[in-house]
Every structure is written in C-alpha cells, then in structure tokens.
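Q: Starting off with a structure, shown below.
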Amino acid sequence: GQNIDQPTEMTATEGAIVQINCTYQTSGFNGLFWYQQHAGEAPTFLSYNVLDGLEEKGRFSSFLSRSKGYSYLLLKELQMKDSASYLCAVREVVGTNAGKSTFGDGTTLTVKP
Amino acid sequence: GAVVSQHPSRVICKSGTSVKIECRSLDFQATTMFWYRQFPKKSLMLMATSNEGSKATYEQGVEKDKFLINHASLTLSTLTVTSAHPEDSSFYICSAAGNSNQPQHFGDGTRLSIL
C-alpha cells in the first residue's frame, strides 16, 4: 500500500510564491503527479515526476527526491484563481493495476489579495 | 491535451432508480479507466479499476453488485449505480490513462443526488 502526506491547508498572498510539500511511503514507485482541483470540479493534471529533480512548467514547478520520498509543488506569481485544492498522487509499480495511483487528501490553498 | 468526457454531469432521481454514468476518452485509447467517489472537502476515493475487455478490479469495501462497471471498448467505460439510495449521493469522477507511463486524465465528474 501507499501512505501520502501533505498539509491540509495553506494561505498565501497574491503575487507571492508558495511551496506545497508531499511525502510518501510506498512499497513501489512509478511516478508522482500533482493535480489541481477547484471546488465542485474534477482534478486537472499539473505535473509529473518520475526521476529526481525539478520539472518546470510556466508558473508551476514540481520537485522529486525518490530517496527521501519527497516532492513539492512550487507556485510562483500567485493569482487569485490559484485558490484550489492541490492533490499529490503516487503511482504504483506497473503490474495488475498498471497506472493505479493513490491520492493524498489534498492541500487547500487560499490566495488572498 | 488528452480529453476525457463524462456524462451526465448531474443526476437527480428517486430512491430505487439505477443510474448509468459514461466515461469516454475522446482523443486517445484508454487501456485503463478508474472510477472515484468524492465526498465534500475530502480526497478522491478509488472505487475500481477498469481494464478493457476484462472484469473490473474493485477496492476493498466497494460492492460489486451495487456499482457495475463495464469497459466494453478502449474509449468507453460505464458505471451503473444500481437501485440507488440517498447514501449513494456523491460526486463520481472517472479518469483514463493511455498506458502506464502517462498520467490519468479526469472527466468533469457526475454529481449524483438521490432523493
């Protein structure tokens, strides 16, 4: 099984930078994903890390350290529309449930003016 | 980008009704589809993993006879909530993955309300 931990809530100011951490304990690992979910809507894919290091995509970056079981999502130049829940998900090793991911409980980010 | 269509977006019906929800991958072939349930302010709870042409794999505690899943083609999976009751009211979301190296892409979800 998998255990994924991320903070429940975070607050930041418009224009600032915020880092959302995710730690995981797994028996296997085949990639880590970050999703954004606005209230009442389905999650949307943000980023994917399978190797150690930083992946940058516009205002969003995601970092992975497999040896530490640790990832973070970095959001720069925060905008009000970034207020949402951010879900960390770890995919199990390919097998009978190829592609199956376990999701953390999500971090609710509130961006204030 | 990858597009997953889920229909209907909202259902309101009487207790005892069976409700079918469709999940389609529009621009890729999905070897695997996933069905989730989400309660307010809670994370996604995986109900079952659906593989094309084979029986779905249900998570522990999910009733197979209550939540029927059919993955008839590489682009379509359906979830049928049989004889729905008020406690089945929830937000149901499907996702699809082209293969094990690609991320899951989610449908827009179906908000089910049983009166």
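Q: Residue check: is A:Arg59 in contact with a strand residue (DSSP E or B) (Cβ under 7 Å, 6 or more places away or on another chain), among the basic types (Lys, Arg) and either within 30 Å of B:Arg10 (Cα to Cα) or at pLDDT below 95 (or both)?
A: It is false that A:Arg59 is in contact with a strand residue (DSSP E or B) (Cβ under 7 Å, 6 or more places away or on another chain), among the basic types (Lys, Arg) and either within 30 Å of B:Arg10 (Cα to Cα) or at pLDDT below 95 (or both).
Q: Hey, can you tell me all the residues within region A:16-45 that are touching a residue at least 40 places away in the same chain (Cβ under 8 Å), over 17 Å from A:Leu64 (Cβ atoms) and either buried (at least 20 other Cβ atoms within 10 Å of the Cβ) or touching a Leu at 6+ places or on another chain (Cβ under 6 Å) (or both)?
A: Answer for region A:16-45, where residues must be touching a residue at least 40 places away in the same chain (Cβ under 8 Å), over 17 Å from A:Leu64 (Cβ atoms) and either buried (at least 20 other Cβ atoms within 10 Å of the Cβ) or touching a Leu at 6+ places or on another chain (Cβ under 6 Å) (or both): A:Ala16, A:Val18, A:Gln36, A:Gln37, A:Pro43.
Q: Follow-up. Just one of A:Phe33, A:Phe63 is under 11 Å from the mean Cα position of the chain (by Cα) and closer than 23 Å to B:Gly109 by Cβ; which is it?
A: Matching residue, one of A:Phe33, A:Phe63: A:Phe33.
Q: State yes or no: is A:Tyr48 more than 14 Å from chain B (Cβ to nearest Cβ) and free of Cβ contacts under 8 Å to residues at least 60 places away in the same chain?
A: no
Q: I'd like the full set of residues that are among the acidic types (Asp, Glu) and under 30 Å from B:Cys23 (Cα atoms), limited to region A:56-85.
A: Within region A:56-85, A:Asp82 is the sole residue that qualifies.
Q: Now, a different point. Quick one: count up the residues across region A:48-65 that are surrounded by 14 or more Cβ atoms within 10 Å (Cβ to Cβ) and either touching a Pro at 6+ places or on another chain (Cβ under 9 Å) or over 24 Å from B:Phe34 (Cβ atoms) (or both).
A: Of the residues in that region, 3 qualify.
Q: Restricting attention to region B:87-115, report how many residues are facing another protein chain (nearest Cβ under 10 Å), assigned to a loop (DSSP other than H, G, I, E, B) and surrounded by fewer than 20 Cβ atoms within 10 Å (Cβ to Cβ).
A: 6
Q: Pick from region B:71-86 the residues that are more than 11 Å from B:Met47 (Cβ to Cβ), within 10 Å of the chain's Cα centre (by Cα) and of a type outside the set (Gly, Ala, Ser): which of them is nearest to the other protein chains (Cβ to nearest Cβ)?
A: Residue satisfying both the conditions and the ranking: B:Thr78.
Q: Moving on to the next point. Of all the residues that make up region A:30-58, how many are more than 15 Å from A:Ala84 (Cα to Cα) and out of contact with any Asp or Glu (no Cβ under 8 Å at 6 or more places or on another chain)?
A: Residues flagged as more than 15 Å from A:Ala84 (Cα to Cα) and out of contact with any Asp or Glu (no Cβ under 8 Å at 6 or more places or on another chain) within region A:30-58 amount to 12.
Q: For region B:21-44, give me each residue that is surrounded by fewer than 15 Cβ atoms within 10 Å (Cβ to Cβ) and either modelled with pLDDT of 90 or more or touching a His at 6+ places or on another chain (Cβ under 6 Å) (or both).
A: Selection gives B:Leu26 alone.
The values are calculated or read from the model by the stated rules, or taken from the named source; none is laboratory data. Given the structure is predicted, the values throughout are model-derived calculations rather than measurements. Every residue, glycine among them, receives a Cβ derived from its backbone with ideal geometry; neighbour counts consider all protein chains shown.
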